[in-house]
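Here is the structure we will look at.
Only the coordinates and a few stated rules stand behind these numbers; no lab work does. Here the structure is a predicted model, which means the values were calculated and not measured. Cβ coordinates were reconstructed from backbone atoms using ideal geometry, including for glycine residues, and neighbour counts include every protein chain displayed.
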Amino acid sequence: MTLRFSFKHQFDNQSFVIQGEIPSKGVTAVFGRSGSGKSTLLNVLCGLLSPDRGEVTFKESRLLDTEQGINVPVWNRKIAVVFQDARLFPHLSIFDNLLFGSQSKAQNERFKELTTLLGISHLLDSKPNKLSGGERQRVAIARALLSDPELLLMDEPLASLDLPRKREVMHYLNQLTDKIDIPIVYVTHSLEEIMHLADNLLVLETGKVADFGTVEHVWNGDSLALWQEGEQHSALLTAKVSERHPKYAMRKMKVAGHALWVPDQQFENKHNECMRIRIDARDVSVTLSPVAGSSIRNVIPVQLIDIEKLNDHSCLLTLALNEELALKSILTQWATDELKLQKGNRVYAQIKGVSFTQQNLATH
């Protein structure tokens, strides 16, 4: 049931040569700068754009094959699309918007399940102009799923929302991705959305696929050079929620055989769940030995495996937790020289801050 695609297309001033495949389950995020080919890929998949040459295969059926003259029309592809703006009909109630093009009868179990899951049951009698931006997008998502698609495409669905509304919709999307059993292709330029929502990540650069794999694999790989300035230097790891501190309101997280202590308030009833954590390079410092009398609770033995000069005054260090996982740390050139740091050194990483997703990875 893998989605496979391979196509070439030439616009006036840019060419695209994009090929790859997307797993049949989970959320695959598509990331890249403006003009990299994100929307072009989505338009080819759903049939809104016919490329110069190419093939698209889904569930062993050919949706597109330019050599054989196959091009299944949009309305026969069983693919639903959610755009940046909700595109609701302003003259219809939310109830009627949801049923427009729906394969589900009014108030059947599927209808009730989706409206409850997305928190819009109380909005059915309202008109779109009475809803917030986040509510409209949740209605658009429900409407798309009520068409009973086999593939859901989402084209930057949170881009037009302010930060509180984005986080509101992400909360509902997290619940949704645990419940529905169809693949989702999610175009975004937001690293936060990728971290919270995606299982896999496809990176596009200048009309080509630059990288593909699990979110953790791509995030921690060489594709970081393509990412947004100021956000690229971090490590994304999977941690298991463990026991609470017997005295203090702190919770242990287990990462690659190491323990991290974090504030406990967001982990009630999450014992033994796996969560994604992000550790920014500027929150990691280095010491040659464990420091006595430090306020930093998280000090982990690591091996220095790479030193990259970022500019005249700072360096990026890669600190291995094991053979597969590593932290990043940004130090001044002064500190790097003074500590006489070299590749292969055994040192200690002091971690000041950790960001968490609310995603339960055990269910993905």
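Available extension along the chain between Lys208 and Thr332 is 41.1 nm, counting 0.36 nm per residue and deducting the alpha carbon span.
Here Lys8 is the anchor, and the lysines within straight C-alpha reach of less than 23 Å, apart from those fewer than 8 places off in the same chain, are Lys38, Lys59, Lys208. Most tightly packed first, judged by the mean number of other beta-carbon atoms within 10 Å of their residues, the peptides 286-297, 14-25 read 14-25, 286-297. For the range 270-284, the Karplus equation 6.51 cos²θ - 1.76 cosθ + 1.60, evaluated at θ = phi - 60°, returns couplings of 10, 4, 6, 7, 9, 9, 7, 10, 10, 10, 6, 4, 6, 9, 10 Hz by residue, with Gly and Pro reported as x.
Under 16 Å of direct C-alpha separation, and excluding same-chain neighbours fewer than eight residues apart, Lys179 reaches these aspartates and glutamates: Glu109, Glu113, Asp148, Glu150, Asp199. Note on Ser294 and Lys240: the extension gain reaches 16.9 nm, defined as 0.36 nm multiplied by sequence separation minus the Cα-Cα distance. Model label sites at Ile307 and Thr287, defined 7 Å from Cα along the beta-carbon direction, differ in position by 2.0 nm. Mind checking which lysines have their Cα closer than 26 Å to the Cα of Lys340? Skip sequence neighbours fewer than 8 apart in that chain. Excluding near neighbours in sequence, the set is Lys309, Lys328, Lys352. Between Asp96 and Lys254, residue separation times 0.36 nm minus the direct Cα-Cα distance comes to 52.1 nm. Residue-wise HN-Hα couplings along the range 242-256, as the Karplus relation 6.51 cos²θ - 1.76 cosθ + 1.60 with θ = phi - 60° gives them from phi, are 10, 6, 7, 5, x, 10, 9, 7, 10, 10, 8, 10, 9, 9, 6 Hz; Gly and Pro carry x. Its residues counted as N, the range 235-363 yields a C-alpha radius of gyration over 2.2 N^0.38 Å of 1.10. Volume per residue for the chain equals 167 cubic angstrom (convex hull of Cα atoms).
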